[in-house]
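*Asks:* Got a structure for you, questions after.
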Amino acid sequence: MKTTLDLSRAPSPGMTSLAGLSVEKLRETLIEMGLPEKQARMRASQLRRWLHHAGVQDFADMTNVSKDMRAELASRFTTKRPKIAEHKISVDGTQKWLVEFGPNVEGESVFIPNVASGTGALCVSSQVGCTLNCTFCHTGTQRLVRNLTAQEIVAQVLIARDGLGEWPADLENRKLSNIVFMGMGEPLYNLDNVAEAIDTLSDGEGLAIGRRRITVSTAGVAPEIPALGERTGAMLAISLHAVRNDLRDEIVPINRKYDLQTLFEAIKAYPGLSNAKRVTFEYVMLKGINDSLAEARDLVKLLSRIPAKVNLIPFNPWPGAIYECSDWDTIEAFADVLNRAGYSSPIRTPRGRDIFAACGQLRSESVKLSAAEKRRQTEASIAD
Ligand code: SAH
């Protein structure tokens, strides 16, 4: 069958990139371009392999696509990733990319290699800035600029793969084996885009990162937690940080909206929880604030009957932070209580502190916010 393409749309300087688009969006784009539905489906399937499995950045390299079609695609689209504003490598091998998604819209992603296993996790951002204002988190001092699109979330993975030289996306010996949504922003305030991004990341014909290797971390947007599981099949992580409502209200202010009881009801409703699919609880160790042995014991009680593991995160300092990291002995004693109760509780050695890539240190410089403005934003985000 001969296809007539609509050539009336001239290529513009700000051409859209196809890299990072879901297979459905690729198909829709090709239909808009004038391809009949069936052909668009076939081409979208080819394109996703080239873009997300092979990682090619030139339409000319897409050898199973006809020459005319390649030229046509190149006249309308690009395969570009967003601009890398900065790339830093820590002495411990951690890498950080500051990605410019648009003018004054900058977000960070961090690759954390596991030296022992040769694998590694990419920590991606779901929003630029954040509305939550957790008092120990640097990103929390930044205004929410906007949600990232699914394509922009996937693009962070493409950029990391480019940097690691890891194309094609073979399953064997991967350096980038896992994804954690633990960068800037609250993923459950951007669930549609996060779910679409996870579909693309886990597509077996593309990047092929299994859903069990993708973890989404939330500060506790309780009503969206079961939906996250149903829509994505991803692993769940909860930024707990306190075992009492009074303290959690203060350091993770979203607790004033969804308290511990509401949060734990939502966690228990997460689909498919089992010993093979445990919830990760993140607990930042703040000296004299949340690190007593009584709190460790209360944590054990709180976790009872939930397949769980705990990540103890030594507090990572940032300029202007009002907290200190707990002493090492205190962290170890806290971990002992959890371990004795049967919970795996690794202490997360801080990674990439020298390049400000560690948990809670991410913050792009583009947007600063006064304390009063920030308070208003938090109040608005926890109000109904
Ligand atoms: N908003 C989501 C995703 C961010 S994940 C969430 O809160 O889960 C980033 C993790 O790092 C969270 O557990 C966060 O609480 C933790 N964190 C933030 N600031 C930190 C700091 N200064 N030191 C250590 N961990 C921090």
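*Asks:* Relative to the compact-globule scaling 2.2 N^0.38 Å, provide the ratio for the alpha-carbon radius of gyration of region 105-233. Each step should come with its number before you reach the end.
*Replies:* Values: Rg = 14.3 Å, N = 129, 2.2 N^0.38 = 13.9 Å.
Against the empirical 2.2 N^0.38 Å value, I get 1.03 for region 105-233.
*Asks:* Between Ala333 and Glu379, what FRET efficiency follows from the Cβ-Cβ distance if R0 is 51 Å, with the result rounded to 0.05? Could the numbers behind the result be given before it?
*Replies:* Numbers: r = 37 Å, r/R0 = 0.72.
Working from the Cβ atoms, E equals 0.85.
*Asks:* Once label points are set 7 Å from the Cα along Cα→Cβ at both Glu324 and Thr262, what is their separation, rounded to one decimal in nm?
*Replies:* 3.6 nm
*Asks:* Let me ask another. Region 83-355: percent of C-alpha pairs farther apart than 26 Å? The partial results should precede the final answer.
*Replies:* Details: 15052 of 37128 pairs.
Looking at region 83-355, the distances longer than 26 Å represent 41 percent of pairs.
*Asks:* What is the helix-to-structure angle for 191-202, meaning the angle in degrees between its Cα long axis and the longest Cα principal axis of the chain, kept from 0 to 90 and rounded to the nearest 10?
*Replies:* 70 degrees
*Asks:* Right, here's the next one. Could you tell me what percent of the DSSP beta bridges with both partners in region 83-355 are antiparallel, to the nearest 5? Mind dumping the intermediate values first?
*Replies:* Numbers: 21 of 42 bridges.
Counting only bridges with both partners in region 83-355, antiparallel ones make up about 50 percent.
*Asks:* Tally up the carbon and sulfur contribution to the accessible surface of region 83-355 as a whole percent, 1.4 Å probe, everything protein left in place.
*Replies:* Details: 5210 of 10620 Å².
Carbon and sulfur atoms account for 49 percent of the accessible area of region 83-355.
*Asks:* Also, I was wondering about something else. Please give the per residue accessible area of region 98-182, computed with a probe of 1.4 Å over protein heavy atoms only, in Å². Spell out each step's value before the answer.
*Replies:* Details: 2830 Å² over 85 residues.
Value for region 98-182: 33 Å² per residue.
*Asks:* Next up: Which whole number in µm²/s is D for region 210-250 by Stokes-Einstein, with the Kirkwood Rh taken over Cα pairs at 4 °C and 1.567 mPa s? Intermediate results must be reported in sequence, preceding the final value.
*Replies:* Values: Rh = 11.3 Å.
Rounded to a whole number, D works out at 115 µm²/s.
*Asks:* GNM, the chain, Cα, under 10 Å: largest mean-square fluctuation among Leu188, Leu293, Leu21?
*Replies:* Answer for the Gaussian network model of the chain: Leu293.
*Asks:* I'd like the carbon and sulfur percentage of the solvent accessible area for region 16-78, probe radius 1.4 Å, heavy atoms only, ligands and nucleic acids excluded. Intermediate results must be reported in sequence, preceding the final value.
*Replies:* Numbers: 1450 of 2870 Å².
The nonpolar share, carbon plus sulfur, comes to 51 percent.
*Asks:* Also, quick follow-up: Report the gain in length on full extension from Thr135 to Asn64: 0.36 nm times residue separation, minus Cα-Cα distance, nm rounded to one decimal.
*Replies:* Numbers: separation 71, 0.36 × 71 = 25.56 nm, distance 5.29 nm.
Length gained between Thr135 and Asn64: 20.3 nm.
*Asks:* Select from Pro168, Pro226, Pro36 the residue whose mean-square fluctuation is largest in a Gaussian network model of the chain (Cα-Cα springs shorter than 10 Å).
*Replies:* Looking only at Pro168, Pro226, Pro36, the biggest GNM fluctuation is shown by Pro36.
*Asks:* Can you list the cysteines of the chain that have no other Cys Cβ under 4.7 Å away?
*Replies:* When partners are defined as cysteine Cβ atoms under 4.7 Å apart, the chain leaves Cys123, Cys130, Cys325, Cys359 without one.
*Asks:* Give, rounded to the nearest 20 debye, the magnitude of the charge dipole that the chain has about its Cα centre when Lys and Arg contribute +1 at Cβ and Asp and Glu contribute -1 at Cβ. The partial results should precede the final answer.
*Replies:* Details: 47 positive and 46 negative charges, 121 e Å.
About 580 debye.
*Asks:* Give me the angle, in degrees from 0 to 90, between the Cα long axis of helix 371-382 and the longest principal axis of the Cα atoms of the chain, rounded to the nearest 10.
*Replies:* Between the helix axis and the principal axis of the chain, the angle is about 80 degrees.
*Asks:* So, counting K/R as plus one and D/E as minus one, what does the shell of residues with Cβ under 10 Å around Ile209 add up to?
*Replies:* Working: positive: Arg174, Arg211, Arg212, Arg213; negative: Asp203.
Residues close to Ile209 contribute a combined charge of +3.
*Asks:* Between Glu172, Glu24, Glu106, where does the largest GNM mean-square fluctuation fall for the chain, given springs only between Cα atoms within less than 10 Å?
*Replies:* Glu172
*Asks:* With Cβ to Cβ distances under 12 Å as the rule, what net charge do the other residues near Ala195 carry (K, R +1; D, E -1)?
*Replies:* Working: positive: Arg211, Arg231; negative: Asp192, Glu196, Asp199, Glu224, Glu230.
Local net charge: -3.
*Asks:* Also, quick follow-up: If I fit a long axis through the Cα atoms of helix 150-164 and take the longest principal axis of the Cα atoms of the chain, what angle between them do I get, 0 to 90°, rounded to 10?
*Replies:* With rounding to tens, the tilt is 90 degrees.
*Asks:* In nm, what is the difference between 0.36 nm times the number of residues separating His87 and Ala269 and their Cα-Cα distance? Can you show the working numbers first?
*Replies:* Details: separation 182, 0.36 × 182 = 65.52 nm, distance 3.97 nm.
Length gained between His87 and Ala269: 61.6 nm.
The values are calculated or read from the model by the stated rules, or taken from the named source; none is laboratory data. Just so it is clear, the structure is predicted and the values come from calculations on it, not from any experiment. So basically every Cβ, Gly included, is an ideal-geometry build from the backbone, and we count neighbours across all protein chains shown. Just so you know, the surface numbers come from the protein's heavy atoms only, side chains and all, with ligands and any DNA or RNA stripped out. Shrake-Rupley method; radii C 1.70, N 1.55, O 1.52, S 1.80 Å.
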